[in-house]
1. Going by how many other Cβ atoms sit within 10 Å of their own, how do Y224, Y128 line up, fewest first?
2. Each residue of region 140-151 in turn: what ³J(HN,Hα) in whole Hz from Karplus with 6.51, -1.76, 1.60 and θ = phi - 60°, glycine and Pro shown as x?
3. Multiply the residue gap between A239 and E373 by 0.36 nm, knock off their C-alpha separation, and tell me the result in nm, one decimal place.
4. Past 24 Å, Cα to Cα, is the threshold; run K79/K374; K194/K217; K167/K374; K151/K191 against it and keep the listed order.
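We did not get these values from a lab; they are worked out from the coordinates using the rules stated. On a predicted model such as this, the values are computed, not experimentally measured, just so you know. Cβ placement follows ideal geometry from the backbone for every residue including glycine, while neighbour counts extend to all protein chains displayed.
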Amino acid sequence: MSETPVSHALPLTDFSGLVLRAPEQVQLSPAQKRFNELLARIERLTHNLQRLQAWSDRHRHAHVQALHTAAQQMRALRKSLLLFLHDQLHSADLTAQQQRMARNKLRSLLDVLSPLADPQVQALADLYGDDGLDQEEAAELAEAAERVRAKIEAALGQPIDNPSQYKTPEAMVAAGMRQWQRQQQADDERKAHKRAARKAKNKPVADQAEAPQADAKTTLRTIYRQLASALHPDREPDAQAREHKTALMSEVNAAYEKADLTTLMRLQMQVTQVDAKASSRLADDKLTAMCALLKEQVAALEDDLEQLQIRLSRELCIAVRADADEALMTQALQRMQADQRHEVDTLEADLRRIAHEAELKRWLKEQAQMAKEKARQEPAGWWD
């Protein structure tokens, strides 16, 4: 008769069965308290990782796809607008002032599109320099660009490279964003280097740690061997039970490879029905060795959580933190998507409108007025 398959009675983040509890009127030893403290940190970090990953799984694909689609649409629409204005400068009945406004709008589009490797855009960028820019408007744009520069440099904590080549707020923002991305990448590389150096520095000296490390490894091996014996699939005649034990053994092997003491202990409680109070009876030197393993788990989980937050912040273009309110992060994603859709809708509406010459002239006047207002205002952006 086959054994009843072992079920996962405890959720992945439930560590209650591993907590050490002293008998009545007896206090926990320092080693036992340290064991419980590390266990609580592992439980909290594991929960945060799972919660953040689950939130990301619900929103990441749709959000990234929406941003990618909107970016492609905006690039195509801005290029269409750029080419249209270029054609109208040579064919439409525009006054000298209207031609100047068209060239200024064309240049603002080039500020956004010029980093793209597009021969048509590059040809127009070479054709339309700043030579014909109205001097009064050029001064206003340069002043606004300087205000943007000051805010960006304050946020970056460093000066923008070659700022004199950026004559408009849009160009300064684009330059600041590129430099911020380079700075973030450099910061990530420095953090990775520091973590590696810290791990090397904290690596215990062989003479000092040999005994506790040996005790810890012995404990791991003991638990592993008990589980391997209990879950050996060749000893299970029932096919369903054998498949279940094989799956559990894969978890055991993965935990043993990572020296994941908490997972092994949790599986030990489920599979072998070991006394949950057994750890409380361990000698302090054994617990100290086990604490060394738990400390390594804490460090690894902290690193995993930091890396997940950095990756998601980059991919989603918002600040992603495990301790942040999920609803607020979701709202931030929704606002960003709505802003991108609004930008696309506005560009599409502009292109339809300016197909009529009379509307083109009114639109150019409106765009020139908006540019002046924007230049006079303190601009806000991603650096705020």
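1. Values: Y224 17, Y128 20.
Least to most surrounded, the residues fall as Y224, Y128.
2. With the stated coefficients, region 140-151 comes to 5, 5, 5, 5, 5, 4, 5, 5, 4, 4, 4, 5 Hz.
3. Details: separation 134, 0.36 × 134 = 48.24 nm, distance 7.53 nm.
Roughly 40.7 nm would be gained on extension.
4. Numbers: K79/K374 22 Å; K194/K217 27 Å; K167/K374 14 Å; K151/K191 26 Å.
Where the Cα-Cα span goes over 24 Å, the pairs concerned are K194/K217; K151/K191.
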